[in-house]
1. Please work out which one of (1) assigned to a loop (DSSP other than H, G, I, E, B); (2) at pLDDT 95 or above is the condition GLY33 fails and give its number.
2. From the set of residues in the stretch 107-135 that are part of a strand (DSSP E or B) and farther than 21 Å from GLY83 by Cα, which is nearest to the chain's Cα centre (by Cα)?
3. Between VAL60, VAL53, which is closer than 25 Å to GLY83 by Cα and not in a helix (DSSP H, G or I)?
4. So the check is Cβ under 6 Å with 6+ separation or different chains; which pairs have a first residue in the stretch 57-82 that's among the polar types (S, T, N, Q) and a second one that's surrounded by 16 or more Cβ atoms within 10 Å (Cβ to Cβ)?
5. Select from the stretch 25-67 the residues that are touching a Lys or Arg at 6+ places or on another chain (Cβ under 8 Å) and closer than 21 Å to ASN130 by Cβ and list them in ascending order.
Amino acid sequence: MTDTTEICLRLGGTSAEVRAALSRLMAQPRLAGDADFRQRLEIVLAEVLNNIVEHAYPTVPGRIDLQLAACAAGMTCRIADQGLPMPGLEAPLGLSPSLGGANLPEGGFGWFLIRSLCTELQYRRDAEGNELTLIVPWRQ
């Protein structure tokens, strides 16, 4: 992977658009290479994009802009939307859910996964909407 790798996508805030965008993205020759890295990148992006669909655009789909750029540390991902802000105007902590036998939750692992697979994560909200920037490292 070179430091000149940059990919920009604009997609609608629906589950179908997220699936299609992830499929197109993972087929990019510029992302060819380490299978472990590609898998981590896909997991992080799927979690973030699906959270936007579910929480930022709960009633009416909106637009999502995705920009990927290679850097020395890994792949910098910038995801922007004009949906609802994150609660408390900050990204969730992503604490490990309690895994108590029969009470295993169906969800709640997303932000734990995202934070576990990224080296940096920043969220900001301004007049234009939400922006999440994170780095998925080349090596875990």
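1. The failed condition is (2).
2. We begin by selecting, within the stretch 107-135, every residue part of a strand (DSSP E or B); these are 120-126, 129-135.
Add one more test, that the residue is farther than 21 Å from GLY83 by Cα, and what stays is 120, 135.
Numbers: GLU120: 12, ILE135: 10 Å.
Filtering first and then ranking leaves ILE135.
3. Values: VAL53 fails: not in a helix (DSSP H, G or I).
When all the criteria are applied, what remains is VAL60.
4. THR76/ILE135; GLN82/GLY62; GLN82/GLY129
5. Within the stretch 25-67, ARG63, ILE64, ASP65, LEU66, GLN67 meet the criteria.
The values are calculated or read from the model by the stated rules, or taken from the named source; none is laboratory data. Just so we're clear, the structure is a prediction, and the values are computed from it rather than from any experiment. Methodologically, a virtual Cβ is constructed for each residue, glycine included, from the backbone with ideal geometry; neighbour enumeration extends over all protein chains shown.
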